[in-house]
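Inspection log for the structure reproduced underneath, given as structure tokens.
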Amino acid sequence: MLSSSCWPWRGRVLRGSRIGVLEDGDGDVLQAHRLALEIHLDRPLLPGMEAVHYCGNRSCCNAAHMVETDPAAPPPLPAVRRTQRRVTPVQAEEIRAARAAGETYASIARRYPISRSGARKIVVRTPAPEPPLTP
Ligand SMILES: [Zn+2]
């Protein structure tokens, strides 16, 4: 879950995308979100790495919404999948049984590494088959 809101870039955007850009003093075009992440990290991104948004908002310049990512690596799993992976299938069964026995989501969430809404998702949703790890 994102703990802060997006900071949309208000300046020029790259044609055909929503990526914010700005020019440095030498006339080189910089990606605004990449610069924001570099300022946050206090160093340039490592060679070959990119600043990838996980908020899905390409104009966002909130460094807390980005992660330095190797574009050749498989994409990070969506947040919902991460929530469901925090408990094992056996724990998910225990959670469903506890809820069926009348335990509240808040009480369940205190016993497992999940939030109240995460517990609810596990109970309400039929688990999808695990996706393959490679795209
Ligand atoms: Zn964002």
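For region 22-78, the strands (runs of 3 or more DSSP E) that sit wholly inside it and include 2 or more residues that are within 15 Å of the ligand (Cβ to nearest atom) are 50-53, 66-69. Among the residues of region 20-52, write down those that are among the hydrophobic types (A, V, I, L, M, F, W, C) and under 18 Å from the mean Cα position of the chain (by Cα). Answer for region 20-52, where residues must be among the hydrophobic types (A, V, I, L, M, F, W, C) and under 18 Å from the mean Cα position of the chain (by Cα): ALA36, LEU37, LEU41, MET49, ALA51, VAL52.
Listed by first and then second residue, the pairs with beta-carbon distance under 6 Å, at least 6 apart or on different chains, first residue in region 1-17 and closer than 17 Å to ARG34 by Cβ and within 14 Å of the ligand (Cβ to nearest atom), second assigned to a loop (DSSP other than H, G, I, E, B) and modelled with pLDDT of 85 or more, are CYS6/CYS55; CYS6/ASN57; CYS6/ASN62; TRP7/CYS61; TRP7/ASN62; PRO8/SER59; TRP9/SER59; TRP9/CYS61.
Between ARG58, ARG99, the distinction of being in the same structural domain as SER5 (by TED's automatic domain parsing), at pLDDT 85 or above and not aromatic (Phe, Trp, Tyr) belongs to ARG58 only. ILE19 falls short of the stated requirement of being at pLDDT 90 or above and loosely packed, with under 13 Cβ neighbours inside 10 Å.
The values are calculated or read from the model by the stated rules, or taken from the named source; none is laboratory data. The model shown is predicted, which means the values in this text are computed figures rather than measured ones. We place every Cβ from the backbone using ideal geometry, glycine too, and count neighbours over all the protein chains shown.
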